[in-house]
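Enquirer: First, the structure itself, so that you have it in front of you.
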Amino acid sequence: MENLIALLVAAPLLGAAVLLCGGRRLDRAGHWIGTLFAAASFVVGVVLFVDMLGRGADDRTLHQKLFSWIPVEGFQADVAFQLDQLSMTFVLLITGVGTLIHIYSIGYMEHDERRRRFFGYLNLFLAAMLILVIADNYLLLYVGWEGVGLASYLLIGFWQHKPSAATAAKKAFLVNRVGDMGLSIAIMLMFTTFGTFAFGPAFEATGDTSEGKLTAIGLMLLLAACGKSAQVPLQSWLGDAMEGPTPVSALIHAATMVTAGVYLIVRSGAIFNAAPDAQLVVVIVGAVTLLFGAIVGCAKDDIKKALAGSTMSQIGYMILAAGLGPIGYVFAIMHLVTHGFFKAGLFLGAGSVMHGMNDEVDMRKYGGLRKFMPVTFVTFGLGYLAIIGFPGLSGFFSKDMIIEAAFAKGGTEGWILGCVTLLGAAITAFYMTRVMLLTFFGEKRWQPDAEGHEPHPHESPKSMTIPMIVLAFGSVFAGGFFSIGDRFMHWLEPVTGHDHGHAPVSATTVTAATMVVLVIGVAIAWTMYGRKPVPVVAPRGSLLTRAARRDLLQDDFNHVVLVRGGEHLTRSLVYVDHTLVDGVVNGTAASMGGLSGRLRKLQNGYARSYAVSMFGGAAVLIAATLLMRAV
Amino acid sequence: MSFPLLTATAALPAIGAIVTAAVPAAQRTAAKWLALFFSLGTLVLAGIVFVRFEPGGDRYQLTESHAWIADFGVRYELGVDGIGVALLALTALLIPFVILAGWHDADPLETKSSRWRPTQGFFALILMVEAMVILSFEATDVFLFYILFEAMLIPMYFLIGGFGDRAHAGTDENAAAQRSYAAVKFLLYNLAGGLIMLAAVIGLYVVAGSFSLSEIAEARANGSLEMASSTERWLFLGFFFAFAVKAPLWPLHTWLPNAMGEATTPVAVLITAVVDKVGTFAMLRFCLQLFPEASKWATPVILVLALISIIYGALLAVGQRDIKRLIAYASISHFGFIVLGIFAMTSQGQSGATLYMVNHGLSTAALMLVAGFLITRRGSRLIADYGGVQKVAPVLAGTFLIGGLATLSLPGLAPFVSEFLVLVGAFSAYPVVGVIATLGIVLAALYVLVLYQRTMTGPVGEKIGGMPDLRVRELAVALPLIAVLIFLGVFPKPLTEVVNPAVQHTMQDVQKKDPQPEVEAAK
Amino acid sequence: MNPVNYLYLAALLFTIGASGVLIRRNAIVVFMCIELMLNACNLTLVAFSRMHGNLDGQIIAFFTMVVAAAEVVVGLAIIVSLFRSRHSASVDDASLMKL
């Protein structure tokens, strides 16, 4: 059975190769080929899953070693896969949601002449993401890690003719590279500390290692996670990444790739468990991002950017949970999976709205769309209820667990984290209600565009609505399915371990508190956007609103410090290289030239003057010889 | 006596050079094909060397030895170790692509008389360079190596100075002046380095009484040749200076951007991917092997210079406006990595450095040659003149992107393997150095992506509209290189297998052991 | 007679030749002065040969004559062609060697 693991990766990789090398001949069938390979990978995943269920809880880890990748003295890196419950969860999420989004894209990208290439990139992404989650060592994980970065770069910049898209793609790759630097330093640290970076041996060796080293490794892993999962301080790329086509935003920048950081931290649990300082930093990063993303999400008028802020915030929840240690690992992953369903659904819904509205993204120009797009409205609405944590839906279970776990951390820390997560839940309820009200309720606010085309909102084709319906189904039921009888916990426990902690307040109290803040959030949103008409042009807003619209000034900071500073640095270095380093060389050459210019004057061309110097020289030589003789 | 295989690998391109040069003026195309066939023949011979070489066998294999200048003990001694084999293979592999990419770069201009034969000269010179470079990878006699090291400057000088971009040829006086400046700068820089090396070579002969690498190294190892540490240091510096000019290491790098900028792209590839490798190769073979103590003595300074090269080269690449100069500065950054790997003196670092030489050759060739195809189409080297090429010539843009991704060491492509090994090697010996060098990977992403964004994306620029996509000949250059890059990125084992034993020998020469992991050390 | 006197004569001839080379502008005269210097050298060689009692000097004198003859051939040819091209035999007119 373990021989099938490589097939998971091979199918989409082959698909990408066929689509990208196949040329225009495949233009007409490209989308079908891409979808087929994605679905094939999903089928393999399901087969492996069924097989895994058939075995005992302790016997579920499969290994497959393909070949020795980089064999150098003292350094062994293998291309080897490991499939355990944690990886399996991701495999199913990635291939499942991935296949749905392939299907959705068939309709969404129908009018794009480069649709074949789009599917090629999507397949490439699936392959890289699968390598990331089934690698059995950090170096191979790094391959997937950068691979998804590449796919994300290609897909964000898919509409390259738009300078904004190309810039956003570049920005995403660069910010991710800063994170990747963290990952590569972490791998180097592991190599010098453990002598290996394969999961099993490395985790075993943590017992013999000093806490300082483990903390350093943990912090570097966190840096990597921050880059990929858009956590503060490396979050600035995610908002811009919405320049990509909407299916990309749904798959990569909501459901799968951005959650890779959570995977990394949970996977490295053994290291973090032994490094409490690193864990503390993880929790802080998660908590800060949770609020940061939520605040940004409240102020954006661009529907995708509002959802991007929300993604950031929800991943903040997951990172926070992962930082709690064994209390939170399971819930981090559970929230990740349910979030994968409802956020992908929300993005697909947003894409469907844009599809019907001439690619308009400003929510202030929507309004009242529920009548025109009933399917989109219902699926989006279910996703909305799931994300705000409406009782019984997916988000309710997974988010509630994280809030409980935060309280269970204990001490002051636990109280602070608990309150932050509760506050986050309130803000989530607020901004999601805002999105919902602005888009589907109220009066219609759309106007003809510059060329005078009035949008004609319409429901999207079947290929787009079916994936939305499937995802909505998941948004509604996944949480309940996982939580009844703690199924998900028992499934993951052998890999991640689990610890209940000591909650200072009972679970019921937490749930009640969550319900209260939920109602408050929704109510505030309704008073602001539901009760009175929404202006088409955004009002100036308070200082906080304006700051949040500019991503809380993070971009301005980056621009002033990094971009401008960097430009000045490179420009002055170019100058230095030209004038100083090269100047020394050219200066030497010039002084040589000057000297020989002077000496040249001695050559006046008169034969007789040469003869004089010859005789003079001879006389001097003879005199010198005689003198030497005399002395 | 067995067939002199190593001599043959160098003799074949040399014969090819003579034959190509002798082709009559009217038969230009025949000259091109001849050059291509000779370079392919060399590739076959290099392949035989690669197969015949036994990784577990003697340090130097396929050796040949003949008396040459008996009075001074100069011998014609050849032999290859794993490092030499790897670079030999790289050179033999790249030259056919260089020739193919430069197919039309030396076509005579109509204004010149019919007796003018630039094409024959161009390809003959390229083959000549190949012969000399290959022989210098094989030479195990210091004097023989020195002669080759210097002699390859002559054909390179003519290649840089004599053949400009088609875009400017004959029309732009300024371009000709720039080119001649670049060629003279190249020659003077390298001659200065070579002169100092000559002094050190003579000094070595005075001290050791022999030019034979194996004899001296053996005498050094068993203690029969004592060298005062000051003597050793001076000799080391003499050798190292020459190699650091050629490699090129900061602050001796300024000739490279000029030379690469002004030369035609195949020649630029020849400079950075092939000829410059002789410098880093010689650091590994001569500096470390002949002067192990002095090498260790100089390590801190050299590591700092390497770090400066990495960061400085990358930052300057970001600031360039000229595509070819950008790639040149990127190469300076990469040479910093190679030197870092060599002088980190760990197995990973040195294996990584050797792989880096090969992979850098491949990735730069891919990027530079495709950039050359682009420049030929538009007739400008300025980044600002481009934009939106991706829209009109997607295959060109795609191959350019892959070349760029290889340059920024994306995992899955060959340079990643070597860069990571160098970083790990440096980190395990000097953690701070390793961390600073890691900054290079962020900067590499910056200059590659900025270059790609400005040239390939955005609205279609002026005079870009009708740009044709890659032709068959150009595809025949780009695709095999990309295939090799991917293959060595996924499965570098054939190369590491050959390189590892050689690196272990070098580690023994310098008497260094890899630092132990903390966990092992604790036990 | 004292052979040293020959050396004095040779020195005198050499000085006359050298001054001629330095002072005169006519190429033919310069040329003849050079011949004079060469012959002064010949005289010295022969004188020394006589003084030391071996033949080396006389043999070298023959070589000098042969070389001088060759020089005359080449030198005169140059002077003639120079005269043809510049219509002057002045050595100062042929100052093309400077840059």
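The values are calculated or read from the model by the stated rules, or taken from the named source; none is laboratory data. Keep in mind that this is a model prediction, so the values were computed, not measured. For neighbour counting, all protein chains shown are included, and Cβ atoms are generated from backbone atoms with ideal geometry for every residue, glycine included. All accessible areas refer to the heavy atoms of the entire protein, side chains included, with ligands and DNA or RNA removed. Shrake-Rupley method; radii C 1.70, N 1.55, O 1.52, S 1.80 Å.
Enquirer: Choose one of B:Pro411, B:Val395, B:Leu446: the residue whose Cα lies farthest towards the positive end of the charge dipole of the stretch B:291-514 (beta-carbon charges +1 Lys, Arg; -1 Asp, Glu; about the Cα centre).
Expert: Projecting each Cα onto the dipole axis, the largest value belongs to B:Val395.
Enquirer: Here is a follow-up. With +1 assigned to the C-beta of every Lys and Arg and -1 to the C-beta of every Asp and Glu, and no other charges, what is the dipole magnitude of the stretch B:1-88 about the Cα centre in debye, to the nearest 20? Walk me through the intermediate numbers first.
Expert: Working: 5 positive and 6 negative charges, 91 e Å.
Charge dipole of the stretch B:1-88: 440 debye, to the nearest 20.
Enquirer: Summing -39500 (n - 2.57) over the DSSP H runs of n ≥ 4 in chain C and dividing by its residue number, what mean residue ellipticity at 222 nm do you reach, to the nearest 500 deg cm²/dmol?
Expert: Values: 3 runs with 77 residues, N = 99.
It comes out at -27500 deg cm²/dmol, rounded to the nearest 500.
Enquirer: Still on this structure: Of the candidates C:Ile78, C:Ile28, C:Ile16, which one comes out as most mobile in a Gaussian network treatment of chain C with C-alpha springs shorter than 10 Å?
Expert: Checking each option, the largest mean-square fluctuation is seen for C:Ile78.
Enquirer: Amide H neighbours of A:Val72 under 5 Å, counting only residues 5+ apart in sequence or on other chains, H built in-plane at 1.01 Å?
Expert: A:Ala77
Enquirer: Do any trypsin sites (Lys or Arg not before Pro) in the stretch A:27-80 lie in a loop, going by DSSP, with at most 13 other beta-carbon atoms within 10 Å of their beta carbon, and if so which?
Expert: Numbers: sites: A:Arg28, A:Arg55, A:Arg60, A:Lys65; in loops: A:Arg28, A:Arg55, A:Arg60.
Passing both the DSSP loop test and the Cβ count: A:Arg28, A:Arg55.
Enquirer: Where does the protein assembly as shown land on the Kirkwood hydrodynamic radius, alpha-carbon pairs, in angstrom?
Expert: Values: mean 1/r = 0.0290 Å⁻¹.
Across the protein assembly as shown, the inverse of the average 1/r is 34.5 Å.
Enquirer: Continuing with this model, one more query. For chains A and C, what's the summed buried accessible area, probe 1.4 Å, to the nearest 100 square angstrom? Before the final figure, lay out each step's value.
Expert: Working: alone 26910 and 7150 Å², together 33050 Å².
So the total buried area for this chain pair works out to about 1000 Å².
Enquirer: Now for a different question. Given only helices, namely DSSP H runs of n ≥ 4 each adding -39500 (n - 2.57), what is the per-residue ellipticity at 222 nm of chain A, to the nearest 500 deg cm²/dmol?
Expert: Computed mean residue ellipticity for chain A: -23000 deg cm²/dmol.
Enquirer: Under unit Cβ charges (Lys, Arg +1; Asp, Glu -1), what dipole magnitude, rounded to 20 debye, does the stretch B:409-523 have relative to its Cα centre? Before the final figure, lay out each step's value.
Expert: Numbers: 8 positive and 9 negative charges, 40 e Å.
In total the dipole reaches around 200 debye.
Enquirer: How big is the gap, in Å, between the Cα center of the stretch A:118-132 and the Cα center of the stretch B:81-102?
Expert: Their Cα centres are 33 Å away from one another.
Enquirer: Roughly how many whole Å is it from the C-alpha centroid of the stretch A:262-335 to that of the stretch A:74-111?
Expert: Computed from Cα coordinates, the inter-centre distance equals 21 Å.
Enquirer: Calculate the dipole size of chain A relative to its Cα centre from +1 charges on Lys and Arg beta carbons and -1 charges on Asp and Glu beta carbons; express the result in debye to the nearest 20.
Expert: On the way: 45 positive and 42 negative charges, 455 e Å.
So the magnitude is around 2180 debye.
Enquirer: Further question on the same structure: Is the shape of the stretch B:48-135 best called rounded, prolate or oblate, per the rule: a/c under 1.5 gives rounded, else a/b larger than b/c gives prolate, else oblate, with a ≥ b ≥ c the square roots of the Cα gyration tensor eigenvalues? Show your work: numbers first, answer last.
Expert: Numbers: a/c = 5.24, a/b = 1.83, b/c = 2.87.
It is oblate, given that a/c is not under 1.5 and a/b is not larger than b/c.
Enquirer: In whole Hz, what ³J(HN,Hα) sequence does the stretch A:200-216 give by Karplus (6.51, -1.76, 1.60; θ = phi - 60°), x for Gly and Pro?
Expert: Computed from phi, the couplings for the stretch A:200-216 are x, x, 5, 5, 5, 6, 4, x, 9, 10, 6, 5, x, 4, 5, 4, 4 Hz.
Enquirer: Only counting protein heavy atoms at a 1.4 Å probe, give the residues of the stretch B:487-507, ordered by number, whose accessible area falls by 10 Å² or more when the other protein chains are present relative to the chain alone.
Expert: B:Gly489, B:Val490, B:Phe491, B:Pro492, B:Lys493, B:Thr496, B:Asn500, B:Gln504
Enquirer: Also, quick follow-up: Quick one: angle between helix A:582-600 and the longest Cα principal axis of chain A, in degrees between 0 and 90, rounded to 10, please.
Expert: The two axes meet at around 20 degrees.
Enquirer: How large is Rg over Rh for the stretch B:291-514, taking Rg from the Cα atoms and Rh as the Kirkwood inverse mean of 1/r across Cα pairs? Spell out each step's value before the answer.
Expert: Working: Rg = 18.6 Å, Rh = 18.0 Å.
My calculation puts Rg/Rh at 1.03.
Enquirer: Lys and Arg at +1, Asp and Glu at -1: add these up for the other residues within a Cβ distance under 13 Å of B:Thr20 and post the number.
Expert: Working: positive: B:Arg28, B:Lys32, B:Arg117; negative: B:Glu130.
Spelling it out: positives minus negatives among the neighbours equals +2.
Enquirer: What percentage of the solvent-accessible surface of the protein assembly as shown, computed with a 1.4 Å probe over protein heavy atoms, is contributed by carbon and sulfur atoms? Don't skip to the end; give the middle numbers.
Expert: Values: 31950 of 47660 Å².
Carbon with sulfur: 67 percent of the solvent-accessible area.
Enquirer: Oh, and also: Trypsin sites (Lys or Arg not before Pro) within the stretch A:438-474: which are DSSP loop residues with at most 14 other Cβ atoms inside 10 Å? Each step should come with its number before you reach the end.
Expert: Details: sites: A:Lys444, A:Arg445, A:Lys462; in loops: A:Lys444, A:Arg445.
Qualifying residues, ordered by number: A:Lys444.
Enquirer: Please find the FRET efficiency linking A:Glu443 to A:Ile524, where r is the Cβ-Cβ separation and R0 is fixed at 25 Å, and quote it to the nearest 0.05.
Expert: 0.75
Enquirer: Separation of the stretch B:236-273 and the stretch A:452-487 by C-alpha centroid, Å?
Expert: 59 Å
Enquirer: Using only the alpha-carbon atoms, how far is helix B:414-429 inclined from the longest principal axis of chain B? Give it as 0 to 90 degrees, nearest 10.
Expert: 40 degrees
Enquirer: So, one more: For helix A:276-299, what angle does its Cα long axis make with the longest principal axis of chain A, in degrees from 0 to 90 and rounded to 10?
Expert: For A:276-299 against chain A, the angle is about 70 degrees.
Enquirer: Evaluate the relative contact order of the stretch B:299-377 (contact order divided by residue number), counting alpha-carbon pairs under 8 angstrom at least 6 apart; express in whole percent. It would help to have the intermediate numbers written out before the result.
Expert: Details: 79 pairs, mean separation 21.9, N = 79.
Once divided by the residue count of the stretch B:299-377, the mean separation gives 28 percent.
Enquirer: Determine the alpha carbon to alpha carbon distance for each of A:Lys162/A:Lys462; A:Lys304/A:Lys399; A:Lys65/A:Lys171; A:Lys300/A:Lys371; A:Lys462/A:Lys532; A:Lys162/A:Lys228 and list only those over 26 Å. Walk me through the numbers on the way to the answer.
Expert: Numbers: A:Lys162/A:Lys462 29 Å; A:Lys304/A:Lys399 22 Å; A:Lys65/A:Lys171 36 Å; A:Lys300/A:Lys371 24 Å; A:Lys462/A:Lys532 35 Å; A:Lys162/A:Lys228 24 Å.
Distance filter (> 26 Å) returns A:Lys162/A:Lys462; A:Lys65/A:Lys171; A:Lys462/A:Lys532.
Enquirer: Under the Karplus relation 6.51 cos²θ - 1.76 cosθ + 1.60, θ = phi - 60°, what is the ordered set of whole-Hz ³J(HN,Hα) values for the stretch A:70-81, x standing for Gly and Pro?
Expert: 10, x, 9, 2, x, 9, 10, 10, 10, 8, 9, 10
Enquirer: Under 10 Å, Cα contacts only: if you run a Gaussian network model on chain C, which one of C:Leu22, C:Leu36, C:Leu13 comes out with the highest mean-square fluctuation?
Expert: In this elastic network of chain C, the residue with the biggest mean-square fluctuation among C:Leu22, C:Leu36, C:Leu13 is C:Leu22.
Enquirer: Could you work out the relative contact order of chain A? I mean the mean sequence separation of Cα pairs under 8 Å and 6+ apart, divided by the number of residues, in percent. Mind showing how you got there, number by number?
Expert: Working: 1026 pairs, mean separation 75.8, N = 631.
Computed value for chain A: 12 percent relative contact order.
Enquirer: Name the lysines eligible as straight-distance cross-link partners of B:Lys246: C-alpha to C-alpha under 27 Å, and not fewer than 8 places from it in the same chain.
Expert: Partners found: B:Lys185, B:Lys277, B:Lys296, B:Lys324, B:Lys512.
Enquirer: Percent relative contact order of chain B, based on C-alpha pairs within less than 8 angstrom and at least six residues apart?
Expert: Numbers: 918 pairs, mean separation 79.7, N = 523.
Rounded, it is 15 percent for chain B.
Enquirer: Something else: For chain B, state the semi-axes of the equivalent ellipsoid (square roots of 5 times the eigenvalues of the alpha-carbon gyration tensor), sorted largest first and rounded to whole angstrom. Don't skip to the end; give the middle numbers.
Expert: Details: eigenvalues 255, 153, 84 Å².
Working from the Cα gyration tensor, I get semi-axes of 36, 28, 21 Å.
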